[in-house]
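Asker: Sharing a structure with you now.
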Amino acid sequence: MGLTRSGLNKENINMDNYITKRGKLDYFLPPDIQEEIRAQIVGDIYQEAEKIANKVLISPGEESALENRLDDLLTSRWLGFPLMLFLLAFIFWITIVGANLPSEILASGLFWLEGKISLFFYWLQAPGWLHGILVHGIYRTMAWVISVMFPPMAIFFPLFTLLEDLGYLPRLAFNLDNLFKRAGSHGKQALTMSMGFGCNAAGVISTRIIDSPREKLIAIITNNFVPCNGRFPTLIILASIFMHASFNNTYNSLLAAAVVVAFVLLGIIITLAVSWALSRTLLKGIPSTFTLELPPYRKPQIGRILLRSFLDRTLFVLSRAVLVAAPAGAMIWILANTGFNGSNFIQHLAVFLDPFARLIGLDGFILLAFILGLPANEIVIPILLMGYLSSGLMMEPESLDSLQRILIANGWTWVTALATMLFSLLHFPCGTTLLSIKKETGGLKWPLFTFFLTTAIAISVNFLLVQFLKIFL
Amino acid sequence: MLLSDLKIQEKAEIKAIRVSGRQGRRLLDLGFIPGTIIKAIRKSPLGDPVAYRIKGTVLALRKEETDLIEIRRIE
Amino acid sequence: MALYADSLALNLLRKNFNISNDDNKPIIALAGNPNTGKSTIFNGLTGLRQHTGNWPGKTVGRAEGYFKYKEEEFLIIDLPGTYSLLANSTEELIARDFICFARPDLTLVVADATNLERNLNLVLQVLELSTNTILVLNLLDEARRKGIKIDVKKLEACLQVPVIPAVAREGLGLEEIKKTCYQISKEKIKIKGFKITYSREIEEKIEELIPLLKRKLPFLQKRINWRWLALRLLEGDKTILASINTYYPIYQERVNIFQKGEVQLDGFNQVWLK
């Protein structure tokens, strides 16, 4: 061993040093000697391990040339970042192209079933309000959640899990680390951010891998700026509509995928900017050191990925959405069917929120949907549709095309879509994420701070965008 | 010579770790022990961090840390 | 002084780790480096008979579950994945304290066969603390794909513990693990245990320190591995005495020879102590 054991050799450890005058055990040797002993102990263990490994390894194997080439490519100076964007775009594109048909089938099936259920209620001679709450409120919202959100989830989640299983996320962190260092945050934040793509609550929990409390807080606060699996479908759906992607048109669907990638990039840029600002103001300090392991690529097991992403992600996210959607749907129906001065409560609320919402490029209904969607971001679009449909405009919802028609009939332009997507990306975290922040930070201070910070950023960015577009359009 | 001076695909033997305390202990536990062979594998697209192969694992280190590790290049 | 075999005291101690084990099932600790397929093995062994939570007072997740072999039922606790037990992080502290103070009847260490040498580092540290250890050599298929061949019999001979090859993702090796756990619990397999020999200087210091520790800390007799404790004190591990204080509070009077002021703590273990 190449240790300089000078200190250890010189210092003859006198055992009396361990006992103080009062008979207490004082085990501290001079710190430099402890360091040397420590190094010696660790070194000896490693040496033993090496000795044993040399004895039992019949063939030590070789570095996989394929793996090396893959890593060279994925982290290459010129191709590293473009490949990262391309991979993301590819996943979004498959989701966009693949989700439309099943969406249509699910929608027509579920709304056909709604008709049958209504007939059943009619046959029962159930009171109108009961039929209203249960069918037009709860069932219809849940049907929207399932038909609009389920197909993109069922396609996106397995693809994302595949990327995770292959071991791509550490490579992503390796590529992005430099930017995080400059932002004054921990290298592993790139990793926790990547986890946020799956679910922000999981992303917040994953910040446990960061030891320094300062850097952990930065990672927690900024995790929400990357869209989670609950918000990706919203972005993907709106991007498709906003691009008027006539789904068979490859060019338009590619463009829609590019728009989602642009939003992801924007999310990363804002993550870095906010981390930078926090580490220079509220959470001052220098980045602590870190090491990132790049584990070997693992051969993904397609069957297991399908099963796991379906059970752990799709079913989890969807069931959460359905659970939240049910009471929200009931509430919307009640609000839509009660009121004063000739309009219902939804309209009153929407009218009340409208002037402010217009300032940031939304309308009262959209803002209301975001507020009601606090428990789960997945239900924002379904709630929005329920809101629009309840405001008198009746339309038989049948497919994604009708979604587009409903939005356009309610005055949506591409600016509205852009503003809604932007707000979805930047606004307050969902209830589950806020709870996780409370758990991880042990108090209400940081979840509240995150709530207000993200919302303030969302409002300011949206406001600036709208004013900017007003000048130039 | 410092680890940060090592070029990609070059090998070196670790001579000493110039940092003590918790940071030094952590490096030690990861296998950065004097006498160990380390190889620079690849740079990240922006040049820092750099990935090294040490004791069968690929670890990425920022320059702040590789500046603390003394090495001797092996031809 | 009561002997360590006093199972009541041990159960009290285990309660500190939130283990309720009133029917005295054998307890197995599952240790291993990250990315070794440890959770796959845990899931494979326990199936649906598991529940998850946090370690007491920590934000580190933990899982525990049961499995049965013949008539014997085992309680298995999944420790955080770590590279070492040298208490550099909360995870390492938890894993170390569990093995050291909850004294599992058996420790399973999962090692990645594609990277044996680095994984042996943890294995050797576990062996220092826990005699009844089984080494599970996982990811053998990956290793084969990379052309790595390991002489399992020789490894067993080197380490003096059972070594079980496994491909946990395909369920290979799980029955063998259960069977071996059973045989050890029934004392059909006797494990001798393995001891690392350190450099001469360190061994000398250990020899000097052990009698002193025995004299000064008689209540730890049979409760701790003196050699291991001596090593921790020599390297100035500031967490071990704090942990002794936490887990043997009934001996507070005697333990107060470790005055709080003498133990300077890093940020991370202050939280641990609360």
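The values are calculated or read from the model by the stated rules, or taken from the named source; none is laboratory data. For clarity, every value in this text was computed on a predicted model and none was experimentally measured. Note that we place each Cβ from the backbone using ideal geometry, even for glycine, and neighbour counts take in every protein chain shown. Accessible surface is based on the protein model in full, side chains and every heavy atom, while ligands, DNA and RNA are left aside. Shrake-Rupley method; radii C 1.70, N 1.55, O 1.52, S 1.80 Å.
Asker: Taking Rh as the Kirkwood radius, which is the inverse of the mean 1/r over Cα pairs, what is the Rg/Rh value for region B:3-74? Show your work: numbers first, answer last.
Answerer: Working: Rg = 11.0 Å, Rh = 11.9 Å.
Dividing the radius of gyration by the Kirkwood radius yields 0.92.
Asker: Taking Rh as the Kirkwood radius, which is the inverse of the mean 1/r over Cα pairs, what is the Rg/Rh value for region B:35-74? Provide the component values of the computation, followed by the final result.
Answerer: Numbers: Rg = 10.1 Å, Rh = 10.6 Å.
Here the Rg-to-Rh quotient is 0.95.
Asker: Moving to a separate point now. Work out, step by step, the length gained on full extension between C:ARG200 and C:ASP151: first 0.36 nm times the residue separation, then minus their alpha carbon distance; give nm to one decimal.
Answerer: Values: separation 49, 0.36 × 49 = 17.64 nm, distance 2.99 nm.
My answer for the length gained is 14.6 nm.
Asker: Let me ask something else. Which angle between 0 and 90 degrees, to the nearest 10, do you get for helix A:65-74 versus the longest principal axis of chain A when only C-alpha atoms count?
Answerer: 60 degrees
Asker: What are the ³J(HN,Hα) values, in whole Hz, obtained from phi via the Karplus relation 6.51 cos²θ - 1.76 cosθ + 1.60 with θ = phi - 60°, for each residue of region A:411-426 in sequence order, with x given for Gly and Pro?
Answerer: Ordered by residue, 3J(HN,Hα) equals x, 6, 10, 5, 5, 4, 4, 4, 5, 5, 5, 5, 5, 4, 5, 9 Hz.
Asker: Sticking with the crude label model, points 7 Å out along Cα→Cβ, report the distance from B:LYS7 to A:PHE316 in nm, one decimal please.
Answerer: Modelled inter-label distance: 4.8 nm.
Asker: Dipole size in debye (nearest 20) for the protein assembly as shown around its Cα centre, Lys and Arg Cβ +1, Asp and Glu Cβ -1? Can you show the working numbers first?
Answerer: Working: 89 positive and 73 negative charges, 238 e Å.
Value, rounded to 20: 1140 debye.
Asker: Considering amide H positions built from the backbone, and no H for Pro or chain starts, which residues 5 or more places from B:LEU2, or on another chain, come under 5 Å of its amide H?
Answerer: Distant-sequence amide H within range of B:LEU2: B:ILE71.
Asker: DSSP beta bridges in region C:7-185, what fraction antiparallel, as a percent rounded to 5? Numbers along the way, then the final one.
Answerer: Numbers: 13 of 31 bridges.
DSSP beta bridges in region C:7-185 are roughly 40 percent antiparallel.
Asker: Please work out how much length the chain gains when fully extended from A:PHE86 to A:ILE269, using 0.36 nm per residue of separation minus the C-alpha to C-alpha distance, in nm with one decimal. If you can, show how the numbers build up before the last one.
Answerer: Values: separation 183, 0.36 × 183 = 65.88 nm, distance 1.75 nm.
Separation in residues times 0.36 nm, less the Cα-Cα distance, equals 64.1 nm.
Asker: Then there's this: Amide H to amide H under 5 Å from C:THR133: which residues, 5+ apart in sequence or cross-chain, H placed 1.01 Å off N in plane?
Answerer: C:THR107
Asker: If all Cα-Cα distances of the protein assembly as shown are sorted into 10 Å bins from 0 onward, what percent lands in each bin, rounded to whole numbers?
Answerer: Each 10 Å bin holds this share of Cα pairs: 2, 12, 20, 22, 18, 13, 8, 4, 1, 0.
Asker: Taking all protein chains together and a probe of 1.4 Å, list A:PHE463, A:PHE174 from the most accessible to the least accessible. Provide the component values of the computation, followed by the final result.
Answerer: Working: A:PHE463 80, A:PHE174 0 Å².
Largest to smallest exposure gives the sequence A:PHE463, A:PHE174.
Asker: What are the ³J(HN,Hα) values, in whole Hz, obtained from phi via the Karplus relation 6.51 cos²θ - 1.76 cosθ + 1.60 with θ = phi - 60°, for each residue of region A:115-128 in sequence order, with x given for Gly and Pro?
Answerer: x, 5, 4, 4, 4, 4, 4, 5, 5, 6, 6, 5, x, x
Asker: Computed from the mean reciprocal separation of all distinct C-alpha pairs, what Kirkwood hydrodynamic radius does region A:92-195 have, in Å?
Answerer: 17.2 Å
Asker: Another question, then. Considering all alpha-carbon pairs of chain A, what whole percent are spaced by more than 31 angstrom? Walk me through the intermediate numbers first.
Answerer: Details: 58136 of 111628 pairs.
So the pairs more than 31 Å apart make up 52 percent of the total in chain A.
Asker: With every protein chain kept in the model, how would you rank C:LEU213, C:LEU172 by accessible area, 1.4 Å probe, largest at the top?
Answerer: C:LEU172, C:LEU213
Asker: Here's another thing I want to ask about it. In sequence order, what are the phi-derived ³J(HN,Hα) couplings for region A:365-374 according to the Karplus relation 6.51 cos²θ - 1.76 cosθ + 1.60 with θ = phi - 60°, rounded to whole Hz, with x for glycine and proline?
Answerer: Values, residue by residue: 5, 5, 4, 4, 4, 5, 5, 5, x, 3 Hz.
Asker: Using a 10 Å cut-off around each Cβ of peptide C:111-123, what is the average number of partner chain Cβ atoms that fall inside?
Answerer: Values: counts 0, 4, 1, 6, 7, 8, 14, 10, 5, 9, 10, 2, 3.
Counting other chains' Cβ atoms within 10 Å and averaging over C:111-123 gives 6.
Asker: Hey, can you rank A:76-84, B:30-38 by average C-beta count inside 10 Å, highest first? Write out the running numbers ahead of the final one.
Answerer: Details: A:76-84: 15.2, B:30-38: 20.2.
Descending mean neighbour count gives B:30-38, A:76-84.
Asker: To continue, here is another question. If you average the sequence gap of Cα pairs under 8 Å that are 6 or more apart and divide by the length of chain A, what percent do you get for the contact order? Write down the numbers at each step before the final one.
Answerer: Numbers: 574 pairs, mean separation 83.4, N = 473.
Here the relative contact order equals 18 percent.
Asker: Whenever you get a sec, line up C:ASP112, B:ASP67, A:ASP312 from highest to lowest accessible area (probe 1.4 Å, protein heavy atoms). List each step's numbers first, then the result.
Answerer: Details: C:ASP112 10, B:ASP67 50, A:ASP312 90 Å².
Per-residue accessible area, sorted high to low, gives A:ASP312, B:ASP67, C:ASP112.
Asker: Could I ask something else about it? Rounded to the nearest 5, what % of the DSSP beta bridges within the protein assembly as shown are antiparallel ones? Present the calculation step by step, with values, prior to reporting the outcome.
Answerer: Details: 42 of 60 bridges.
That works out to approximately 70 percent antiparallel.
Asker: Taking only the alpha-carbon positions of region C:7-185 and ignoring solvent, what does the Debye formula give for the base-10 log of I(q)/I(0) at q = 0.08, 0.10, 0.11 Å⁻¹?
Answerer: -0.22, -0.35, -0.43
Asker: What angle, in degrees between 0 and 90 and rounded to the nearest 10, separates the Cα long axis of helix A:445-472 from the longest principal axis of the Cα atoms of chain A?
Answerer: Roughly 60 degrees between the two axes.
Asker: Just list whichever of B:LYS43/C:LYS146; A:LYS188/A:LYS439; C:LYS186/C:LYS216; A:LYS51/B:LYS39; A:LYS299/C:LYS188 have alpha carbons separated by over 28 Å in the model shown. Mind dumping the intermediate values first?
Answerer: Working: B:LYS43/C:LYS146 24 Å; A:LYS188/A:LYS439 20 Å; C:LYS186/C:LYS216 36 Å; A:LYS51/B:LYS39 20 Å; A:LYS299/C:LYS188 38 Å.
Cα-Cα > 28 Å for C:LYS186/C:LYS216; A:LYS299/C:LYS188; rest within.
Asker: If you count, for every residue in C:148-160, the Cβ atoms of partner chains within 10 Å of its Cβ, what is the mean? Spell out each step's value before the answer.
Answerer: Working: counts 7, 6, 7, 4, 1, 1, 5, 5, 1, 2, 6, 2, 0.
Across C:148-160, the average partner-chain Cβ count within 10 Å equals 4.
Asker: Relative to the longest principal Cα axis of chain A, at what angle does helix A:400-409 sit, 0 to 90 degrees, rounded to 10?
Answerer: Orientation of helix A:400-409: about 70 degrees from the principal axis.
Asker: On to the next question. Which order, highest average first, do A:259-272, B:2-15 follow once you tally other Cβ atoms within 10 Å for each residue and take the mean per peptide?
Answerer: Averaged packing, sorted descending, gives the order A:259-272, B:2-15.
Asker: Once amide H atoms are built 1.01 Å from N in the peptide plane, which residues 5 or more positions from B:ILE41, or in another chain, come under 5 Å H to H?
Answerer: Counting only residues 5 or more places away or on other chains, the set is B:GLN9, B:ALA51, B:TYR52, B:ARG53.
Asker: I need the peptides C:178-186, C:122-130, A:190-198 ranked by packing, meaning the mean over residues of other C-beta atoms within 10 angstrom, with the highest value on top.
Answerer: Values: C:178-186: 17.9, C:122-130: 23.0, A:190-198: 25.1.
Listed from highest to lowest mean packing, they are A:190-198, C:122-130, C:178-186.
Asker: In peptide B:30-42, what is the residue-averaged number of other protein chain Cβ atoms found within 10 Å of each Cβ? All intermediate terms of the calculation are to be shown ahead of the outcome.
Answerer: Numbers: counts 8, 9, 2, 11, 6, 7, 6, 0, 0, 1, 0, 6, 8.
Counting other chains' Cβ atoms within 10 Å and averaging over B:30-42 gives 5.
Asker: Ok, one more. Ignoring ligands and nucleic acids, what accessible area does C:LYS68 show with a 1.4 Å probe (Å², nearest 10)?
Answerer: 120 Å²
Asker: Per-residue accessible area for A:HIS186 at 1.4 Å probe radius, Å² rounded to 10?
Answerer: That residue has around 10 Å² of solvent-accessible surface.
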